[in-house]
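Notes follow the structure.
Rule-based calculations on the coordinates, nothing more; no lab input. Nothing here was measured: the structure is a model prediction, and the numbers come from that model. Cβ sites come from the backbone with ideal geometry, for glycine too, and all protein chains shown count toward neighbours.
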Amino acid sequence: MPESPRLRTVALRILSRLDAKDSTADWSELVGVSQRELVRSFVRETGVSPIQWRIRARVRASLPLLYSGIPVASTARRLGYRSAGTFSEHFRDVMGRTPGAYARNRMKTGETGPDTGAVAG
């Protein structure tokens, strides 16, 4: 979570509206800085852009849904994705495997819950 007040405002907006289609322009307007400054500051403080931070937050939020057996397509829709394919691609980029493989592995190994700490960000 970013520490600076402006960036924390953006992060909290993202977390409270994971299914929203907000853009960098929306977030920069929210905190009164240019898009370029927002992205630069966000990368400096978190290591990733606001868009990448949202992707990681969405992936983290998907873990309990997938673990509980909610289908990938339904999980993707709940998190604001228009395409299960895009969600799967983002999930694989962050977690190193597809959402289906993640859920199958967690169930097969008998783990008691989702590994929500697995996503950095």
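Counting Lys and Arg as +1 and Asp and Glu as -1 over every other residue whose Cβ lies under 11 Å from the Cβ of ARG54, the net charge comes to +4. Near PRO2: Cβ cut-off under 15 Å, other residues only, Lys/Arg at +1 and Asp/Glu at -1. The net charge is +4.
If you stretched the chain out fully between GLU37 and THR9, how much longer would it get, using 0.36 nm times the residue separation minus the C-alpha to C-alpha distance? List each step's numbers first, then the result.
Working: separation 28, 0.36 × 28 = 10.08 nm, distance 1.47 nm.
Residue separation times 0.36 nm, minus the Cα-Cα distance, leaves 8.6 nm.
One decimal place: the segment ASP19-ILE70 gains 16.7 nm when fully extended, by the rule 0.36 nm per residue minus the C-alpha distance.
Can you tell me the relative contact order of the chain? Whole percent, Cα pairs under 8 Å, sequence separation 6 or more.
Values: 121 pairs, mean separation 29.8, N = 121.
About 25 percent, as a whole number.
Label-to-label distance, ARG44 versus ARG104, with points set 7 angstrom from Cα along the beta-carbon direction: 4.5 nm.
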